[in-house]
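The values are calculated or read from the model by the stated rules, or taken from the named source; none is laboratory data. Keep in mind the model is a prediction, meaning the values are calculated, not measured. All Cβ positions, even for glycine, are placed from backbone atoms using ideal geometry, and neighbour counts span all protein chains on display.
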Amino acid sequence: MRVLPVLAALALAGCAADGLRIAEQGSFAVGGTVVRAPGEFDFARPTRSDGRTLHGDHAAVSYQIPVDAKATPLVFLPGYGQTSRCWDTTPDGREGWRTTFLRRGWPVYLVDQPRRGAAGRTTVAAMPAVLPDDQLWLENFRIHAGAFPKGEAAMDQFLRWMTPDTGPIDVTLVHLPEAGIRGNTHFPFADTNSEEVADLAADWLRAKGLD
């Protein structure tokens, strides 16, 4: 296998004509718990549970830092029913907010909260219900109307974002119509006017002295 030429081609693809260059990237876990079974573990008897451990309940973080990055990183946390994958690419194949803000110079950190997505390892036994619920998500998130990408392929990609989610998180509510931006769904970062919403977010960051 010619692995090195392929890796070189991928590296060159990252230095596209539009200038997106990554200085550093990686991933790590945050927090979590460790559960230990009673007894002493014996490597000679690995199938026995005595003394075995389970690491879980941590958050999973992936990050990219562009060349000449701004001082303040952005941390994107997915909402209800989502994983951090929703920030990578819109359902209709456009660049997601991870790349949008990397191009604008911000370090970007994507987080999967404990027990979901890339942080799915849990120390608490649970079995998510397996039910036909696609249309419930479409209604809850107003996907059936507004600026969300249209078409069967985009809808298929969106529905394959869905995953069991954790409890509520703290958020800052922005009413887009009051800012003159209308027609959005629950996923403004994936709507057809996502760049306009990104401009609003960037303005907020600048007003807070985070630019």
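Within region 29-44, the set of residues being touching a residue at least 60 places away in the same chain (Cβ under 8 Å) and in a loop (DSSP other than H, G, I, E, B) comprises GLY31, GLY32.
Of everything in region 131-146, what is modelled with pLDDT of 80 or more and either of a type in the set (A, V, I, L, M) or under 19 Å from the mean Cα position of the chain (by Cα) (or both)? Give them in sequence order. If the condition is that a residue be modelled with pLDDT of 80 or more and either of a type in the set (A, V, I, L, M) or under 19 Å from the mean Cα position of the chain (by Cα) (or both), then LEU131, LEU136, TRP137, LEU138, PHE141, ILE143 are the ones that fit.
When we screen VAL111, VAL61 for residues that are surrounded by 14 or more Cβ atoms within 10 Å (Cβ to Cβ), in contact with a Leu (Cβ under 8 Å, 6 or more places away or on another chain) and farther than 19 Å from ALA201 by Cβ, the only hit is VAL61. Criterion applied to ARG52, ARG85, ARG94 was being out of contact with any Leu (no Cβ under 9 Å at 6 or more places or on another chain), at pLDDT 90 or above and closer than 25 Å to ALA147 by Cα, and the one residue passing it is ARG94. Pairs please, first residue from region 155-183 and part of a loop (DSSP other than H, G, I, E, B), second anywhere and at pLDDT below 85 and exposed (fewer than 10 other Cβ atoms within 10 Å of the Cβ), Cβ atoms under 6 Å, 6+ apart in sequence or on different chains. That search, which allows pairs on different chains as well, returns PRO164/PRO128. Surrounded by 13 or more Cβ atoms within 10 Å (Cβ to Cβ), of a type outside the set (Phe, Trp, Tyr) and within 30 Å of VAL35 (Cα to Cα), is that true of MET155? Considered against the rule, which asks whether it is surrounded by 13 or more Cβ atoms within 10 Å (Cβ to Cβ), of a type outside the set (Phe, Trp, Tyr) and within 30 Å of VAL35 (Cα to Cα), MET155 comes out as no. Of ARG160, ARG116, all but one fail to be at pLDDT below 90 and surrounded by fewer than 16 Cβ atoms within 10 Å (Cβ to Cβ); the exception is ARG160. A search for C-beta distances below 6 Å between a residue of region 111-138 that is at positive phi and any residue that is surrounded by 19 or more Cβ atoms within 10 Å (Cβ to Cβ) and in a loop (DSSP other than H, G, I, E, B), counting only pairs 6+ apart in sequence or on different chains, returns GLY117/THR83.
Does VAL111 qualify as being within 30 Å of THR33 (Cβ to Cβ) and of a type in the set (A, V, I, L, M)? Judged against the criteria, VAL111 is a match. Of all the listed residues (GLY26, GLY19), the sole one being over 18 Å from the mean Cα position of the chain (by Cα) and either of a type in the set (Asp, Glu) or more than 17 Å from GLY96 (Cβ to Cβ) (or both) is GLY19.
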